[in-house]
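This report concerns only the one structure given below.
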Amino acid sequence: MNRELVAELGRRLWRAGEGATAATAADSAAVGSAVADQLDGLEMAYAVQSATHDLAIAAGERAIGYKVGLTAQPARETFGADEPAAGYLLASRLLEDGEPLATAGLFAPLAEVEVAFTLGEALPGPRVTARDVRDATAAVAPAFEIVDSRWRGGARTLPMLVADNTNAARAMVGPSVAPASVELSKIAATLTIGSRTVPGSAAAVMGDPAEAVAWLARHLLRGGGRLEAGDIVLSGTLCAPTAISAGDHLVADLGELGRIALDVN
């Protein structure tokens, strides 16, 4: 693997994301997709993602957990993926419940409705199951994830998606509940944006959002990492990713898990 190329791709993607946090992003600030032709597979893509993570930490950011993408079979088929994809979450990208989302600096944001897990125990084993996840979880909550690609025109391939931190951009986690009080696999969701309504279901998330977190635990272990107590995990979207713009008011209703609302500026 060309380490210099990995570092350069990481710098370009990180700069594009950093520019998006500081000022209105012009399309020219995105990374040209021609650069992605140099990605030679998933191993290199995750190495580029790791490079962006290291740059974030060096810049004073704090990692608070992970996100799981491509948890629905149709999404995996779109990217030719055999399994989901993982990314990391940064504290500075997490909105407080009720805080508006600023679209200035984002390229083409999409809203996803998710179940957020906060772990009370580490999940270190190579055979982590959904049951293990439920036992180790301190709280679950409704959440929004805002995804956005730093590649100009969006990710065309799976390595492009993974290298760009699986499109992680912003997130908001709502009020939490005890995991034992909710049958997560049976949650139905509705995302409402003005007159638009987008239905969703937890069954779209690998059949059970806890299965997505179990996959993540096993995936991290293959790379020498693990889920730790205190980690927040966004487990995958229940509703189809939906375009948003300034002036929108989003409400996600996840039934017994609760509701969460977000204003877009």
Tabulated pairs, segment 93-111, first in contact (Cβ under 8 Å) with a residue 12 or more places away in the chain and under 13 Å from E145 (Cβ atoms), second hydroxyl-bearing (S, T, Y) and part of a loop (DSSP other than H, G, I, E, B), C-beta under 9 angstrom, 6+ apart or interchain: P109/T103; P109/S245
Out of the residues in segment 216-250 that are closer than 20 Å to A139 by Cβ and out of contact with any strand residue (DSSP E or B) (no Cβ under 6 Å at 6 or more places or on another chain), which is most open to solvent (accessible area, probe 1.4 Å)? R226
Out of all the residues in segment 215-225, which are under 18 Å from T166 (Cα atoms) and either hydrophobic (A, V, I, L, M, F, W, C) or at pLDDT 95 or above (or both)? W215, L216, A217, R218, H219, L220
Quick one: how many residues across segment 35-74 are at pLDDT below 95 and at positive phi? 1
Is one or more of the residues making up segment 251-263 closer than 25 Å to R76 by Cα and among the acidic types (D, E)? no
Residue count, segment 249-265 (criterion: among the acidic types (D, E) and under 21 Å from the mean Cα position of the chain (by Cα)): 2
In segment 56-95, which residue that is hydroxyl-bearing (S, T, Y) and farther than 21 Å from V213 by Cβ is nearest to the chain's Cα centre (by Cα)? S92
If you go through V251, V205, the only one that is of a type in the set (V, I, T) and in contact with a Lys or Arg (Cβ under 7 Å, 6 or more places away or on another chain) is V251
Considering only segment 123-148, state which residues are at pLDDT 95 or above and of a type outside the set (A, V, I, L, M). T129, R131, D132, R134, D135, T137, P142, F144, E145, D148
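The values are calculated or read from the model by the stated rules, or taken from the named source; none is laboratory data. Not measured: the values here are computed from a predicted model. Don't worry about glycine lacking a Cβ; one is built from the backbone with ideal geometry, like all the others, and counts go over all protein chains shown. The area values use the complete protein model at the heavy-atom level, side chains included, leaving out ligands, DNA and RNA. Shrake-Rupley method; radii C 1.70, N 1.55, O 1.52, S 1.80 Å.
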